[in-house]
Amino acid sequence: MSVTESVMAQPQASDRPPPARRRDDTRLALLFIAPATVGFLIFLGWPTVRGIWLSFTEFNLLTPAEFNGFDNYLRMVGDPIFWNAMGVTLLYVVINIGLQTVVALVVAVMMQRLTQSSLLRGLVLTPYLVSNVVAAMVFLWILDTQLGVGNQVLAGLGLERIPFLSDDATVIPTIAVINVWRHVGYTALLIFAGLQAIPQTVYEAGKVDGASEIKMFFSITLPLLRPIMALVLIMTIIGSFQVFDTVAVTTEGGPVNSSRVLQFYIYDMAFGRFQFGYASALAVGLLVVLLVVTLVQYKLTRAGSSDLG
Amino acid sequence: MTLGSTASSTTDAEARPRRRPSIGTVIAWAFMGLFLLWTLFPFYWMLRTALSSNNALYAGSNSWLPVDFTTSGFARVFGWQTGEEAIADGGSGQAINFWLYLRNSIVVALLVTLGQTFFSAMAAYAFSRLEWRGRNLVFGIFLAGMMVPTIFTYLPNFVLIKQLGLVDSLLGIALPTMLMAPFAVFFLRQFFLNIPKEVEEAALIDGASKVRVFFTLILPMSAPAVATLLVLTFITSWNDYFWPLMVSYTDESRVLNVGLGVFKSQTPQTGPDWSGLMAATLVAALPMLIVFIAFAKRIVNSVGFSGIK
């Protein structure tokens, strides 16, 4: 509580005019924000600070953390597996987000222009209702080199079998596609909601001018959709960087290190080798990457502004 | 009916005859059909494999229907077979403690969903409708919390949960997210701000307290926003894997996802028990799929609703 009170001693920056009848609800407000503030301070604020602190220590959970300066960061810079994990994660994000965004956009536009069926929207969302673990299990089976139906079909077509999850060239694209399967419907529905906000009259005007569906897509839909797309991209990219479940279930980072994404490396370092200090430094690395991505994206896409209005 | 909704928005003279769709429309529907096939096929394949005999899968791997139909896969999952029977059918002799995992999943998801939404709503009320010094500053700090990816707080939160002695307990899994989420506070505050002030003023003049206004006016009037949050938080919490994996060590606190992961790790490395695995996967996915069938419309609308705001 003391932290909240010291915070509240700061001058107030009001974003709207003072109400006609001044009332001070401080006591009630403190009561209302108490549970959330406790949650915020204990499970979000403090862990953030502590995570940064732990990254400057050597810590194995059993004995108290020992300050060791920049040792963890120096080790990180010279750690080839870290840089490999960074590269693998980036490759994953690019494939995952690229594919997912394009497919989601196409599906969303079709849901808007072809039919308003809510059954269709429900079907499209179904994979999102099962967990990453379930998705990973099913595809582990479907893509099995010998018995998986995916490879049976390939063999039936006279093509060569592909060891999707056990070859270092295909493992990351495969994991990316598995996660596209689960998330693309959700992304499509978010974009669909954005499309609903575009007035139908704009399309009618386009039709009168003789524009084709494809022309209207590029000159009406895409520009007006920009703010929603920016938001969706920021959300999905941040989520994509944190890929873990699928890797943990299907490959555990293998073959060798070819699917050892950053998050899995952090987990392995903390719970496999009990090097919590170094794992925390790796997590700070991921945090910095995410902050940079968010800021760059926000600047590039001018997420806050809309062309409609 | 379905095609008509877009066509009928143009004037009748301009509209194409409804009975003869253009080539573009046909291609679009064909794409949609393929997309749905890819979306739904894994569910069918789960069922097909779960109802096959594991020993027959090897010979009948190119059959589209269950091979040598049997429910023995499910019997292995629930432990209805003796160990010898299970091993003869290709399993490991280990079962899934399904009802316990299901109970754990329900308890954790409900604690997180109800707690997070309710406490976030209280905080959002204080940030939107109560007058107190420092309101915007504290809200700003809460918002900054959105920049910290949950993944960064996992390691320090694990250390904290361990120190609190809550490792391997359901409360330990739920606690970090059951008191607030910055997004929930932000989302509800936006919604509360849009409720006309007059409604509240009228109740206050009639002598209602602000606490009463919150429970009898603001919360009911925000039912769509609250329902959206409940739905999305429940899905996210139910499907979570990483955090519960870190916290639970024994069946007492394992949720379905973690239990499924354990079941998978027990299957024989050479010649995995695919029909048992798919039965387990299906069983783990089923509760959420049933919820989805019951509330499909609500859930689909929630996804869109959260995007627009």
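The values are calculated or read from the model by the stated rules, or taken from the named source; none is laboratory data. As the structure is a computational prediction, the values presented were derived from the model and not from experiment. With ideal geometry, Cβ positions are generated from the backbone for all residues, glycine too; neighbour counts draw on all protein chains shown.
A few points about this structure:
- Restricting the search to helices (runs of 4 or more DSSP H) fully inside region A:45-124 and requiring at least 2 residues that are modelled with pLDDT under 90 and touching a helix residue (DSSP H, G or I) at 6+ places or on another chain (Cβ under 7 Å) gives A:80-113.
Here's the yes/no breakdown for (1) modelled with pLDDT under 90; (2) among the charged types (D, E, K, R):
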| position | (1), (2) |
| --- | --- |
| B:Leu204 | yes, no |
| B:Pro220 | no, no |
| B:Val247 | no, no |
| B:Arg254 | no, yes |
| B:Asn257 | no, no |
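- Within region B:124-179, tally of residues that are at positive phi and at the interface with another protein chain (Cβ under 7 Å from one of its Cβ atoms): 1
- Output for region B:206-236, where each listed residue is in contact with a Phe, Trp or Tyr (Cβ under 9 Å, 6 or more places away or on another chain) and either among the aromatic types (Phe, Trp, Tyr) or not assigned by TED's automatic domain parsing to the domain that holds B:Gly115 (or both): B:Phe214
- Some residue of region A:201-221 being more than 11 Å from chain B (Cβ to nearest Cβ), assigned to a loop (DSSP other than H, G, I, E, B) and not small (Gly, Ala, Ser): yes
- Out of A:Ile198, A:Ile238, sole residue that is out of contact with any strand residue (DSSP E or B) (no Cβ under 7 Å at 6 or more places or on another chain), within 29 Å of A:Leu290 (Cα to Cα) and aliphatic (A, V, I, L, M): A:Ile238
- Whichever residue in region B:258-273 is surrounded by fewer than 24 Cβ atoms within 10 Å (Cβ to Cβ) and of a type outside the set (Val, Ile, Thr) and, among such residues, is farthest from B:Leu170 (Cα to Cα): B:Gly271
- Condition met for A:Phe241 (farther than 30 Å from B:Leu260 by Cβ and crowded, with 16+ Cβ neighbours inside 10 Å): no
- Selection of region A:94-120 for residues being buried (at least 21 other Cβ atoms within 10 Å of the Cβ) and touching a Phe, Trp or Tyr at 6+ places or on another chain (Cβ under 7 Å) yields A:Val107, A:Ala108, A:Val109, A:Met111.
- Positions within region B:197-211 being surrounded by fewer than 13 Cβ atoms within 10 Å (Cβ to Cβ) and either of a type in the set (D, E, K, R) or under 31 Å from the mean Cα position of the chain (by Cα) (or both), in sequence order: B:Lys197, B:Glu198, B:Asp206
- Looking only at region A:125-135, and only at residues there that are in a helix (DSSP H, G or I) and β-branched (Val, Ile, Thr), the one that is farthest from the other protein chains (Cβ to nearest Cβ): A:Thr126
- Against the conditions (1) more than 7 Å from chain B (Cβ to nearest Cβ); (2) under 22 Å from the mean Cα position of the chain (by Cα); (3) crowded, with 22+ Cβ neighbours inside 10 Å, A:Val177 satisfies every one except (3).
- Within the option set A:Arg226, A:Arg273, being in contact (Cβ under 8 Å) with a residue 40 or more places away in the chain, surrounded by fewer than 19 Cβ atoms within 10 Å (Cβ to Cβ) and either out of contact with any helix residue (DSSP H, G or I) (no Cβ under 9 Å at 6 or more places or on another chain) or among the basic types (Lys, Arg) (or both) holds for one residue only, A:Arg226.
- Extreme residue, farthest from the chain's Cα centre (by Cα), among residues of region A:163-173 that are in a helix (DSSP H, G or I) and surrounded by 23 or more Cβ atoms within 10 Å (Cβ to Cβ): A:Val171
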